[in-house]
Amino acid sequence: MGFESHPTGRWIVTIYRGLCALLSVVNSKIVDNVGLKRHAVLTACMTFVLVWMGGLVTSNRAGLSVPDWPNTYGYNMFFFPPSKWIGGIFFEHSHRLVASAVGLLTLILALWLFGRKSRPVLRWGGIVLILAGLCLCLKFPAHDKENICLSVLGLGSLAASFVWPASEPSPRWLRVLGVSAVAAVVAQGVLGGLRVTELDARIGIFHATLAQLFLVLVSAIALSQTEFWRGLPVQAETDRRRLRFFFVAATCLVLGQLVLGATMRHQHAGLAIRDFPAAYGRIWPNTSPAAVLSYNQNRMEDSGDNPITAFQIELQMAHRIVAIAILLAVSLGAWRACHYLGRRHPLARLAFLWFGLVLTQALLGAATIWTGKSADVATAHVACGALCLVTGGLASFVSFRMLAAPVAQCGAAQKTELPSLLASSSITH
Amino acid sequence: MTCAASRPCYFFILICFVLRKLPMKRFVLSAMVVVLMGSWQIASAGDVVGKVTLKGTPPPEKPIAFDDTCSALHPTVTTTRHYVVGKDNGLANVFVYISKGLEGKKFTPPSKVVEIDQEGCMFHPYMAGVMVGQVVRFKNSDPLMHNIHALPMVDGNQEFNFAEPSQGDVNDTKWTASITKPEVLVKIKCEVHAWMFCYVGVQDNPYFAVTDKDGQFKIPDLPGGDYTLTAYHLKATAKPGVSRQITVGTGPVTADFTLEVPAPK
């Protein structure tokens, strides 16, 4: 109770109780739909590929290699000649193309989650696209290729609406997640475009962070469609050891680390500290103006990186410290899960997988420094970081499905918030 | 030298106006004295010449890992250009400029166009100097796509990034529209080819120079007076550079600099 009487403690407890209530509604039953499951898994996998490609763009310093958006060097991006995909343009342009594909997959996923209820949307959307394509053909005859594609897309959408989707709508919480995914992917596209047109590196940090959150979102939707999820016993055990809190807290720590990493990468200054585990030969590096000047003067960069600043050095030190904290938190969580639930328990297995990923991530982080921020190694570090966040997020998801809250802890929140949420969701599906 | 920049010129004109009222002999004598004074002022614009030398052994340059399209334009190994050391340890690409002594004076930008060329997937020159308002021409001499991304740091100078996708593309307007304040130095890079970058020093007066391959520089026709001359090298000096006082009179002034390779940390 001492912790809850503190203002910060009250905030943490309130957020935690809110998460308890939110995640508790995920225990409604989901109908088996093989096609939807495969599509959801495909969307999640393509999103991971997209995150990897985004990492390649920044690692290869190619973020601004295509100075316009949504066009590509004046071309419609879908008709940009492959012969011109040179240098950094290859990374940036292919990233945009895969992003468009992920956007389409996400839209299809959201429509599919709505089941038959989405057919009118598909039908009317198709009609609008056909009419738009025809009108634009008359107004802008030079852009006939784009206008024809628009009309063909509309025709496809209209035709599909008569036969697809055939399934019943998914539970409300899943439909909400589907709509959120569409909103997130559209926001991602806009953020990516603004980063290029506004020349603001801060937008790149938001773009990178939202990408990771979006991956967790589509992965959660994909998980909900699997036999694994359906086979999990629903709150058959009580969370006496606060394992759910552990998973959520460690996942939030990973998210914070990803934000730190994105901030570091989008300084576009290369490696702020070039050695590991020491930092310029010390435990804590010298960040005086004279020392920072010396670091810059002695750096023989082979690209147009920005100068190193004291802030960037401190940022990397914070990243290293949080990495140690995550390693400790995840290893402790894995030990607790194994000790209290048993090694064969799904949560224990997830926790061990998570620990393995975090360990790999730490090694990749060290390798990034040892290789002088080699593009491939740095990108692998980004991708592994995404997997760490996804694993933590899904482990938290699973923990709330399998473990019931101790009555004294979450009972108050569930009594007030859970009934209204459950009443609005389709728990019979 | 511009007469508008010289106070003695105004004095000379005023004296001529007064003298025209005196008797002829006295007028001629006084006029001769005044003309001599004025001539001395006009003639006391001098060239500032010098050499920047580097003391110590610089770290080795890094070989540039070109991509396939650019490798075809570079059959031999090309390296970075942080320390270009020539004859007798002369250091190239040092930006030499007047940091004090010209405050409050206005100058007309030279009509000469400074060209920054993208050739062989490298920017040429690596270091340039321009005056605010002077035209900078960006040119693509390569048979492939480049873009020009300028990253000024001074408030009032605008960052820009535009494409030159075809061989022969030129742009004369982007620089003057975006860079309107003095800055030492503005970095320019190509985002298609990460190893391509160069620097431009921007001044609000025409008295600056960039050392050549042997470290030599010349600032012509600096008006007479006392100045602070500063030499800035991206690696061998801290910003704003190494300074020394000079006095420009009737003849050329020699101002040499010796820069030192920083101690490794």
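For beta carbons closer than 7 Å, sequence separation of 6+ or different chains, a first residue in region A:229-250 that is farther than 13 Å from A:SER396 by Cβ and a second that is part of a loop (DSSP other than H, G, I, E, B), the qualifying pairs are A:ARG230/A:ILE30; A:THR238/A:PRO406; A:ARG240/A:PRO406. Taking the condition of being over 15 Å from B:PRO264 (Cβ atoms) and in a helix (DSSP H, G or I), how many residues in region A:253-291 meet it? Residues meeting the conditions: 14. Going by what's in this entry, would A:ALA142 be described as surrounded by fewer than 16 Cβ atoms within 10 Å (Cβ to Cβ), in contact with a helix residue (DSSP H, G or I) (Cβ under 8 Å, 6 or more places away or on another chain) and of a type in the set (Gly, Ala, Ser)? So A:ALA142 does not fit the description; no. Within region A:232-251, if we keep just the residues that are of a type outside the set (Phe, Trp, Tyr) and part of a helix (DSSP H, G or I), the residue that is nearest to the chain's Cα centre (by Cα) turns out to be A:THR251. Tell me, yes or no, whether region A:339-354 has at least one residue that is under 26 Å from A:MET53 (Cβ atoms) and either at pLDDT 95 or above or in a helix (DSSP H, G or I) (or both). Yes, because at least one residue in region A:339-354 is under 26 Å from A:MET53 (Cβ atoms) and either at pLDDT 95 or above or in a helix (DSSP H, G or I) (or both). Does region B:235-243 contain any residue that is among the basic types (Lys, Arg), in the same structural domain as B:THR53 (by TED's automatic domain parsing), surrounded by 19 or more Cβ atoms within 10 Å (Cβ to Cβ) and in contact with a helix residue (DSSP H, G or I) (Cβ under 9 Å, 6 or more places away or on another chain)? Yes, region B:235-243 has at least one match. Pairs meeting the criteria (first residue in region B:188-205 and facing chain A (nearest Cβ under 7 Å), second residue of a type in the set (Val, Ile, Thr) and surrounded by fewer than 22 Cβ atoms within 10 Å (Cβ to Cβ), beta carbons under 7 Å, at least 6 apart or on different chains) are B:VAL192/A:ILE86; B:TRP195/B:ILE64. For region B:138-155, the criterion of a residue being among the basic types (Lys, Arg), more than 10 Å from every other protein chain (Cβ to nearest Cβ) and touching an Asp or Glu at 6+ places or on another chain (Cβ under 6 Å) is satisfied by at least one position. Among the residues in region A:299-321, are any under 26 Å from the mean Cα position of the chain (by Cα) and farther than 29 Å from B:PRO264 by Cβ? No, the conditions are met nowhere in region A:299-321.
The C-beta contact set for region A:292-309 (first residue within 7 Å of another protein chain (Cβ to nearest Cβ) and surrounded by fewer than 17 Cβ atoms within 10 Å (Cβ to Cβ), second residue among the hydroxyl-bearing types (Ser, Thr, Tyr) and assigned to a loop (DSSP other than H, G, I, E, B), distance under 9 angstrom, 6+ apart or interchain) comprises A:MET300/B:THR80; A:MET300/B:TYR83. Looking at region A:77-105, I want the residues that are within 24 Å of B:HIS146 (Cβ to Cβ) and have a partner that is surrounded by fewer than 17 Cβ atoms within 10 Å (Cβ to Cβ) and of a type in the set (S, T, N, Q) with Cβ atoms under 7 Å, at least 6 apart or on another chain. Which pairs are those? These pairs meet every condition: A:MET77/A:ASN71; A:ILE86/B:THR69. Please determine whether any residue of region A:56-79 is outside the structural domain of A:THR371 (by TED's automatic domain parsing) and under 30 Å from A:LEU174 (Cα atoms). Within region A:56-79 (the criterion being outside the structural domain of A:THR371 (by TED's automatic domain parsing) and under 30 Å from A:LEU174 (Cα atoms)), the answer is no, since none of the residues qualifies. Taking the conditions exactly as written (within 21 Å of B:PRO109 (Cα to Cα), among the aromatic types (Phe, Trp, Tyr) and not in a strand (DSSP E or B)), does B:TRP195 satisfy them or not? So B:TRP195 does not fit the description; no.
Residues in region A:159-217 that are assigned to a helix (DSSP H, G or I) and within 14 Å of another protein chain (Cβ to nearest Cβ): A:GLY193, A:LEU194, A:ARG195, A:VAL196, A:THR197, A:GLU198, A:ALA201, A:ARG202, A:ILE203, A:GLY204. The set of residues from region A:249-286 being farther than 20 Å from A:SER59 by Cα and buried (at least 20 other Cβ atoms within 10 Å of the Cβ) comprises A:ALA250, A:THR251, A:VAL254, A:ALA279, A:PRO285. When region B:83-114 is limited to residues that are among the aliphatic types (A, V, I, L, M) and not in a loop (DSSP other than H, G, I, E, B), the one that is farthest from the other protein chains (Cβ to nearest Cβ) turns out to be B:ILE98. Only one of the numbered conditions (1) farther than 30 Å from A:LEU105 by Cβ; (2) within 14 Å of another protein chain (Cβ to nearest Cβ) is not met by A:ASP239, and that is (2). None of B:ALA150, B:ALA194, B:ALA209, B:ALA163 is closer than 13 Å to A:GLY304 by Cβ and either touching a Phe, Trp or Tyr at 6+ places or on another chain (Cβ under 7 Å) or of a type in the set (Val, Ile, Thr) (or both) except B:ALA150. Of all the criteria given as (1) modelled with pLDDT of 95 or more; (2) not in a helix (DSSP H, G or I), the one not satisfied by A:GLU92 is (2). Taking the criterion of being buried (at least 21 other Cβ atoms within 10 Å of the Cβ), out of contact with any Pro (no Cβ under 8 Å at 6 or more places or on another chain) and over 23 Å from B:ILE64 (Cα atoms), the residues of region B:150-199 that qualify are B:PRO152, B:TRP175.
Being within 16 Å of B:VAL261 (Cα to Cα), of a type in the set (A, V, I, L, M, F, W, C) and within 14 Å of chain A (Cβ to nearest Cβ) is the filter here, so list the residues in region B:42-82 that pass it. If the condition is that a residue be within 16 Å of B:VAL261 (Cα to Cα), of a type in the set (A, V, I, L, M, F, W, C) and within 14 Å of chain A (Cβ to nearest Cβ), then B:LEU54 is the only one that fits. Of the residues making up region B:165-187, just one is within 10 Å of chain A (Cβ to nearest Cβ) and at pLDDT 95 or above, namely B:LYS187. I'd like to know if region B:222-245 contains one or more residues that are within 14 Å of chain A (Cβ to nearest Cβ), touching a residue at least 60 places away in the same chain (Cβ under 8 Å) and within 30 Å of A:ILE89 (Cβ to Cβ). Yes: region B:222-245 contains one or more residues that are within 14 Å of chain A (Cβ to nearest Cβ), touching a residue at least 60 places away in the same chain (Cβ under 8 Å) and within 30 Å of A:ILE89 (Cβ to Cβ). Taking the criterion of being of a type in the set (Val, Ile, Thr) and over 25 Å from B:GLU103 (Cα atoms), would at least one residue in region B:166-174 satisfy it? Checking region B:166-174: at least one residue is of a type in the set (Val, Ile, Thr) and over 25 Å from B:GLU103 (Cα atoms). Scanning region A:95-128 for residues that are modelled with pLDDT under 95 and either closer than 30 Å to B:ALA72 by Cβ or not assigned by TED's automatic domain parsing to the domain that holds A:GLN188 (or both) yields no hits at all.
Yes/no matrix, rows are residues, columns are (1) among the hydroxyl-bearing types (Ser, Thr, Tyr); (2) farther than 20 Å from A:LEU271 by Cα; (3) buried (at least 17 other Cβ atoms within 10 Å of the Cβ):
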{"site": "A:THR43", "(1), (2), (3)": "yes, yes, yes"}
{"site": "A:LEU64", "(1), (2), (3)": "no, no, yes"}
{"site": "A:PHE79", "(1), (2), (3)": "no, yes, no"}
{"site": "A:GLY87", "(1), (2), (3)": "no, yes, yes"}
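Candidates A:THR106, A:THR72: the one that is within 11 Å of another protein chain (Cβ to nearest Cβ) and crowded, with 21+ Cβ neighbours inside 10 Å is A:THR72.
For region A:196-207, the set of residues classified as within 18 Å of B:MET153 (Cα to Cα) and touching a residue at least 40 places away in the same chain (Cβ under 8 Å) consists of A:LEU199, A:ALA201, A:ARG202, listed by residue number.
The values are calculated or read from the model by the stated rules, or taken from the named source; none is laboratory data. Note that this is a predicted model, so its numbers are computed, not measured. Neighbour counts are summed over all protein chains in view; Cβ atoms, including those assigned to glycine, are modelled from backbone coordinates with ideal geometry.
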